[in-house]
Amino acid sequence: MKKMILVTSPPACGKTYISKQLARNLKHVVYLDKDTLIPLSNRVFIAAGEEINRSSDFFEKNIRDYEYETIVDIGVEALEYDDIVLINAPFTKEVHNEETLERFRTKLRTKGAKLVIIWVVTDPEVCHERMIRRNSDRDTWKLEHWDEYIKTVDFTIPQPLERLDAGHDLILFHNSSDEEFDQSMKRILPLLEEDDVS
């Protein structure tokens, strides 16, 4: 059965590295990264005379949700031509919203495909260390206000993902150490290559 795989987690859990490693090891897969849309989104800021700020109210109102809908729609279209689409994106709001997930599942049913969600499980302190190591501008505020920031991040599995009757598959990828990563890759790759994920 065709599948759309969403790799999702809080920031710095390792989803980009995991997504790329999964895509490299899977057969018949299309890899998509939502960040590819950022240059287009930046033009929206400029055209509207707004400062480029992905934390702004303008971004939340006019850009954010459209990025997610677009990358999912591109993925649904790609399923015409291959068996698996893997999308690397936080899906922060989407995985907590049952209506949004059902909208994704409905789109996929038109292609005879199912939704598979990989939730990356990583210890918050490991995320802190990785954020320091990657030294990205997007993390400056988070690192300078770590205690304040970490209180806003929910590392628990979102409830809509855990519902057994939801109509999608949930796979947990443990990634707090190299050993956990290796074990998760060995366990998950065969699941994703099966006709039905269990």
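The values are calculated or read from the model by the stated rules, or taken from the named source; none is laboratory data. Owing to the predicted nature of the structure, the values given are computational and were not obtained by experimental measurement. All Cβ positions, even for glycine, are placed from backbone atoms using ideal geometry, and neighbour counts span all protein chains on display. Calculation scope for accessible area: heavy atoms of the full protein, side chains included, ligands and nucleic acids excluded. Shrake-Rupley method; radii C 1.70, N 1.55, O 1.52, S 1.80 Å.
Miscellaneous remarks
- Applying the Karplus relation 6.51 cos²θ - 1.76 cosθ + 1.60 with θ = phi - 60° to region 147-152 yields 3J(HN,Hα) values of 4, 6, 5, 5, 5, 8 Hz, where x marks Gly and Pro.
- Long pairs among K27/K186; K93/K151; K20/K151; K20/K186; K2/K111; K15/K186, criterion Cα-Cα beyond 19 Å: K20/K151
- Note on region 81-116 and region 122-188: Cα centroid distance 20 Å, given to the nearest whole angstrom.
- Paramagnetic reach from L189 in region 29-56 [backbone N under 19 Å; point 7 Å along Cα→Cβ]: 29-32
- For F91, no residue has an amide H sitting under 5 Å from its own, ignoring neighbours fewer than 5 places away on the same chain, with H placed 1.01 Å from N.
- Based on DSSP H segments of at least four residues, each scored -39500 (n - 2.57), the chain has a per-residue ellipticity at 222 nm of -13000 deg cm²/dmol.
- If R0 equals 30 Å, the separation of the Cβ atoms of E180 and R43 corresponds to a calculated FRET efficiency of about 0.15.
- Placing unit charges on the Cβ atoms only, positive for Lys and Arg and negative for Asp and Glu, gives the chain a dipole magnitude near 440 debye about its Cα centre.
- Nonlocal amide H pairs with I118, under 5 Å, H built at 1.01 Å: L6, V7, T8, I171
- Whole-Hz ³J(HN,Hα) from phi, Karplus 6.51 cos²θ - 1.76 cosθ + 1.60, for region 109-118, glycine and proline x: 4, 5, 9, x, 10, 10, 9, 10, 10, 9
- Whole-Hz ³J(HN,Hα) from phi, Karplus 6.51 cos²θ - 1.76 cosθ + 1.60, for region 84-91, glycine and proline x: 10, 10, 10, 10, 9, 6, x, 6
- Cα gyration tensor category, rounded, prolate or oblate, for region 1-54 with a/c compared to 1.5: prolate
- Portion, in percent, of the accessible area of region 79-198 that falls on carbon or sulfur, probe 1.4 Å: 49 percent
- For the chain, the gyration tensor built on C-alpha atoms gives an oblate shape. Its axis ratio a/c (a ≥ b ≥ c) is at least 1.5, and a/b is not larger than b/c.
- Over region 22-148, relative contact order from alpha-carbon pairs under 8 Å, at least 6 apart, %: 25 percent
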